[in-house]
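First the structure, in the form of structure tokens, and then the observations on it.
FYI, it's all coordinate maths here, none of it is from the lab. Being a predicted model, the structure only gives us computed values, none of them experimental. Quick reminder, even Gly has a Cβ in these numbers, built from the backbone with ideal geometry, and neighbours come from all protein chains shown.
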Amino acid sequence: MERKDMNINSKPEDVVFHPAKRISSIGVSEILKIGAKAQALKREGRPVIILGAGEPDFDTPDHIKEAAWKAMQAGQTKYTALDGTPELKAAIRDKFSRENGVDYALDEITVATGAKQILFNAMMATLDPGDEVIIPTPYWTSYSDIVQIAEATPVLIACNAEAGFRLQAAQLEAAIAPKTRWVILNSPSNPSGAGYRAEDYRPLLDVLMKHPHVWLLVDDMYEHIVYDGFEFVTPAALEPRLKNRILTVNGVSKAYAMTGWRIGYAGGPRELIKAMAVVQSQATSCPSSISQAASVAALNGPQDFLVERKASFQRRRDLVVAGLNAIEGLDCRVPEGAFYTFSGCAGVLGKSTPSGKRLETDTDFCAYLLEDANVAVVPGSAFGLSPFFRISYASAESELKEALTRIADACAKLV
Ligand code: PMP
């Protein structure tokens, strides 16, 4: 069949855009869509409270900004080594050893433009069509989308609230197939806030020990945001025998309030790290020189402010969890970390709004909250598990209180 856009006589209006198959099944993220709608309503003058964003509301600490300024003044404004400056790799090596008890050599460390690019590099460097990646749900939406861009197949496994939103060993065992290349685990989790303790990881690592063709990607992004004395652990430290097929992913975005600086990093087996650098070399050449200098200061500098920030997040977590659980029809598990609640909303489904619309799904419920209560939250469907909704509580306490009042009022109006 002749393609219209190949006809040399075609007029501009005849041109048809053909997206590549590898992106055709991927929509614009639900989170971004809700955010855009909420922003549009705000511009119209509606008093919308947006609890959708996945970033800390703190500013980057001054000593980190100063390091960036000094780097610019010293002329560090050129391309750097492909997958990280020696200074930053050394700071990451020291961080892994000091905080996680895992020793990585410098050539087992890679730096990219955000942890998102680390994931992208890893998947593009290892997956072929037909390969499978096991992803427990609820999951951070990028995992499955990146796997699909790499033309492989996400295998989603539902982890319900009763299991603490954690993958169970029997589920993992049942999901592993000859084509499985990776399992992706994220603790504490976006969106559920669930954390894996050593005893939660142990049975999963035992399963992986039996399947040498399966690699483990752990996303430790929220490592520093944990509550109630939760003891963060990372699998490469727990099971050194698996270290040669674990990619330990982390970044400065959440811990140091540096989302806009775009620096993520990982430690892993040398061959994998090398293959990831091949992908990066044709994507970005290197991460930002200035952001890398700032990240050295973040990792090597004072860490005491993390305790204060964690305490502030914990106060807000307690406020939101208590507020949600006081509302009939909602059911919120207490998260171990991150800055999200993932609350069940089964109890409000089947009810009708004052305008007569029956709420069938969590997406309907979130649309109702935005329309009626002017509160923007994200439905569980966006994270692969329903019926739930995610609140990001990285907002001012006064705003959270107001949002909870509005959600309570909106739920009370359902019949
Ligand atoms: N992992 C998780 C679980 C996240 O929530 C995020 C950010 N939303 C990232 C990785 C990516 O972070 P960044 O690209 O900013 O380093």
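Database remark: amide H of residue 378 closer than 5 angstrom to the amide H of 390 (H placed geometrically; neighbours at sequence offset of 5 or more, or on other chains; Pro and chain starts carry no H). Here segment 1-108 is assigned +1 on the Cβ of each Lys and Arg and -1 on the Cβ of each Asp and Glu. Its dipole about the Cα centre then comes out at about 480 debye. Total lysine pairs in segment 267-415 at Cα distances under 29 Å, for residues eight or more apart or on different chains: 6. For the chain, the mean residue ellipticity at 222 nm estimated from helices alone is -11000 deg cm²/dmol, where every DSSP H run of n ≥ 4 contributes -39500 (n - 2.57) and the total is divided by all residues, rounded to the nearest 500. Taking θ as phi - 60° and the Karplus parameters 6.51, -1.76 and 1.60, the scalar couplings of segment 286-298 work out to 5, x, 4, 4, 5, 5, 5, 4, 5, 5, 4, 5, 4 Hz in sequence order, x denoting glycine and proline.
Overall dimensions of the chain, expressed as equivalent-ellipsoid semi-axes from the Cα gyration tensor (√(5λ), whole Å, largest first), are 34, 28, 25.
The residues packed around residue 153, meaning those with a beta-carbon under 13 Å from its beta-carbon, carry a net charge of -2 if Lys and Arg are +1 and Asp and Glu are -1. Cross-link reach is defined here as a Cα-Cα straight distance under 15 Å, omitting same-chain residues fewer than 8 places apart; for residue 210 the aspartates and glutamates meeting it are 173, 239. Here the Karplus curve 6.51 cos²θ - 1.76 cosθ + 1.60, taken at θ = phi - 60°, turns the phi angles of segment 310-319 into couplings of 4, 4, 5, 5, 5, 4, 6, 4, 4, 4 Hz, with x standing for Gly and Pro. Shape class for segment 75-300, computed from the alpha carbon gyration tensor (a ≥ b ≥ c): prolate, with a/c not under 1.5 and a/b above b/c. In the chain, excluding the sites themselves, the longest stretch lacking any of the GluC sites (Glu not before Pro) that are in a DSSP loop with at most 12 other Cβ atoms within 10 Å is 45-230. Put a plus charge on the Cβ of each Lys and Arg, a minus charge on the Cβ of each Asp and Glu, and nothing anywhere else: the dipole of the chain about its Cα centre is then about 520 debye.
The phi-based Karplus calculation (6.51 cos²θ - 1.76 cosθ + 1.60; θ = phi - 60°) puts the 3J(HN,Hα) values of segment 105-117 at 6, 4, 7, 9, 10, 9, 10, 9, 7, x, 4, 4, 6 Hz, whole numbers, x for Gly and Pro. Charge dipole of segment 75-300 (Cα centre as origin; +1 on each Lys and Arg Cβ, -1 on each Asp and Glu Cβ, all else neutral): 420 debye, rounded to the nearest 20. Fraction of C-alpha pairs exceeding 28 angstrom in segment 266-407: 43 percent, rounded to a whole number.
Between the exposed loop cleavage positions of the chain, defined as chymotrypsin sites (Phe, Trp or Tyr not before Pro) in a non-H, G, I, E, B DSSP state with at most 16 neighbouring beta-carbon atoms within 10 angstrom, the longest gap is 231-415.
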